[in-house]
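Take a look at the structure below.
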Amino acid sequence: MVASFAEFKELKNIDKTTMISVLEESFRNVLAKMFGTDENLDVIMNPDKGDVQIFQNLEVVPDGEVENPNLQISLTDARADNDPEVEIGEEHTKEIIFADFGRRAILTLRQTLQSKILELQKEAVYAKFKDLEGELVTGEVYQTWSRETLLLDDDKNELLLPKSQAIPGDFFRKGETIRAVIANVDNNNNNPKITVSRTNENFLRRLFELEVPEIHDGLINIRAVARIPGERAKIAVESYDDRIDPVGACVGVKGSRIHGIVRELHNENIDVIPFTTNPSLFIQRALSPARVSSIRLDEEEKKAEVFLKPDQVSLAIGKGGLNIKLASMLTGYVIDVYRDTDEAYEEDIYLDEFKDEIDEWVIDALKEIGCVTAKAVLNTPREELAKRADLEDETVDNVMRILSAEFEEDDAEAAPDAPADPAEDAAPAPEPAEQDAPGEPADMEEEPAAPQE
């Protein structure tokens, strides 16, 4: 028994105290079937010596009045059983030798004990994996069916990977080691079922924690994840240390850190963007590589209208609409993309071009509210600029004056190229012949036709 207790603790995660109570309960169940009840039985376990003692407490009654031998004993029999001073009405304790009941009782005890241990083992497995939901686990492929794959972990626990939770393109061979995340743990009818997933967003989180020490140490936090398994993913990260670039740390030198994750996900493209609490700027970053011109937000209904140059619309939408779909999943906003049809839009200028005249912090404040270009600022009401960008009226007026002056200069430079009056475009009449040099005939040029409108 002592050796068995140590084995159970090591192999089946059942501690000594629990094992003793299970063994005692198993003895009671068998004894209850033999004696009809276990209420008057004491089962004493001694794990240090490895023995069991069973005592039956019987009521002493006069001779000839024993009605139930499992609960009562006659006075003569009680005095004969090493208790000569016992009296009627008292309790007599009788030791029971379990081995005397024969082989059948031993087999019954063994079956009962095996059943109890199996139940305990299943409960231990369920409790263990329930606490690990969302965590990464490694398993060996044991068998593959059409709808699911059976994995075994290091403790030979069964993990099920449904086909719907596998990455498109996953192909497993028996004996191959794969990684997945524990998605769900059920315990119907005390039969634990552990389901793992490779498409869950937590799988991508755990892979980054594994590859990027700063995330594991808590210096970088993953704020949002959007993923279309096997195709593309976007992940928003932020750093709690100003000295650490969160995007650079996740990508690594020449992509050394992210390449391992991409290989694990079968070349799934991963965009890493810096997180911000400003929704306009966050949407702009989520739509990368497209460059957004302006944004209008409806924060109550979580909708965003994004305006872009015509050549940027396809980049924002992405192949098969993946980019805009992932951006919506990442930011939580329903994003509608609009093509800016302003004829003068081609002449627009990005605010970064005005760093010589406008303070950089002012430009950053305007960009955070979605005003990336000069035209976007000029087309936004002055009061709205001051309120949303938290700028003083004097600063807003100065910015508007600088931006307006730039376009006024462009218009002035373009003025000489404008079509002139047809009468003024006509060539001057030829000079009189008398003004020509003597002896040289006058060269009469034909008057050119007026330019067509």
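Values quoted throughout were computed directly from the atomic coordinates according to the rules given, and no laboratory measurement underlies them. Since we're looking at a predicted model, the values are computed, not measured. Here Cβ is always computed from backbone atoms with ideal geometry, including for glycine, and neighbour counts include all displayed protein chains.
Points worth noting:
- Helices in the chain, meaning DSSP H runs of at least 4 residues, each add -39500 (n - 2.57). Divided by all residues, the mean residue ellipticity at 222 nm is -11000 deg cm²/dmol.
- When the listed pairs Lys33/Lys156; Lys254/Lys355; Lys130/Lys156; Lys49/Lys94; Lys33/Lys94; Lys303/Lys367 are checked against a 26 Å cut-off, the alpha-carbon distance exceeds it for Lys33/Lys156; Lys254/Lys355.
- Highest average packing first - 312-318, 383-389, Cβ atoms within 10 Å: 312-318, 383-389
- For the chain, size of Cβ-based charge dipole, Lys and Arg +1, Asp and Glu -1, in debye: 4900
- Net charge, Phe129 excluded, C-beta distance under 14 Å - Lys, Arg +1, Asp, Glu -1: -4
- Qualifying trypsin sites (Lys or Arg not before Pro) in segment 225-286, DSSP loop, other Cβ atoms within 10 Å at most 11: Arg243
- Lysines whose Cα lies under 16 Å from that of Lys309, excluding same-chain neighbours fewer than 8 positions away: Lys375
- Given R0 = 51 Å, the distance between the Cβ atoms of Lys128 and Glu408 translates into a calculated FRET efficiency of 0.10.
- Pairs of Cα atoms in the chain fall into 10 Å distance bins, from 0 up to the last occupied one, in shares of 4, 13, 15, 13, 11, 9, 9, 8, 7, 4, 3, 2, 1, 1, 1, 0, 0, 0 percent.
- Coil-residue chymotrypsin sites (Phe, Trp or Tyr not before Pro) of segment 234-283, DSSP, other Cβ within 10 Å capped at 16: Tyr240
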